[in-house]
Amino acid sequence: MKKANFIVSGVFSTFSLVVIFIAKGYPPSNHGVPGPGMFPIIIALLTLLSAIVLFVKTLRMPAASDVTIDLKSRAILNVYVTMGGLILYIAILPLIGFVTTTAVMLTLYIRWFSRRPWWKCILIALLFTVGIFVLFGTVLNVPMRFGLIL
């Protein structure tokens, strides 16, 4: 577990520093209104702080509490499915579009994790996707990029 904690803290520290570096290049604040880099920097700083806390706690962890992780258990399989699905989602989102990609991804995730009937998974995914689309596209007036399909 110690080795895994050190790897996780290193990966998230590196990721946070990359996000901060990229967000520093965004336009600055304008007349007291925060710029577009403020939110990513805040999240990256919190992630970096969490990674540092994990690193320090792992250093202080007694050897007796160090346990091995079964990388083939059902719980770990769920992590693999989630991460693989998110990577695929990010890769095909610009090509296919938000509505279609999100609805399909949510349907598959809900089905995988809850084992509900397909019609319920599709209904929940569509309602959630349309809700997010309306919230950001209409209420918050955030431009939504379209792919080949909606």
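Values in this text are rule-based calculations from the coordinates and carry no lab data. Nothing here was measured: the structure is a model prediction, and the numbers come from that model. Cβ: placed from backbone, ideal geometry, glycine included. Neighbour counts: every protein chain shown.
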A correct fewest-to-most ranking of Val67, Val18 by other Cβ atoms within 10 Å would be Val67, Val18
Cβ density ranking, 10 Å radius, fewest first, applied to Phe136, Phe98 yields Phe136, Phe98
Roughly how big is the stretch 20-118's charge dipole about its Cα centre, with Cβ charges of +1 (Lys, Arg) and -1 (Asp, Glu), in debye to the nearest 20? 260
Go through the stretch 111-144 and name the trypsin sites (Lys or Arg not before Pro) that are in a DSSP coil and have 14 or fewer other Cβ atoms within 10 Å of their Cβ. Arg115
Among (1) 18.7; (2) 15.7; (3) 20.1, the entry matching Kirkwood radius over Cα pairs in Å as calculated here is (1)
Zone of Thr68 (label point 7 Å along Cα→Cβ, backbone N under 19 Å): which residues in the stretch 1-30? 1-7
Positive-end residue of Ser13, Gly97, Thr107, charge dipole of the chain with Cβ unit charges: Thr107
With a ≥ b ≥ c taken as the square roots of the eigenvalues of the C-alpha gyration tensor of the stretch 66-150, please select rounded if a/c is under 1.5 and otherwise prolate if a/b is larger than b/c or oblate if it is not? prolate
Distance in nm between Met61 and Leu140 label points, each 7 Å along Cα→Cβ, equals 3.5
Ranked Arg116, Arg60, criterion: other C-beta atoms within 10 Å, fewest first: Arg60, Arg116
Just how far, in whole angstrom, is the stretch 2-52 from the stretch 96-122 if you go by their alpha carbon centroids? 30
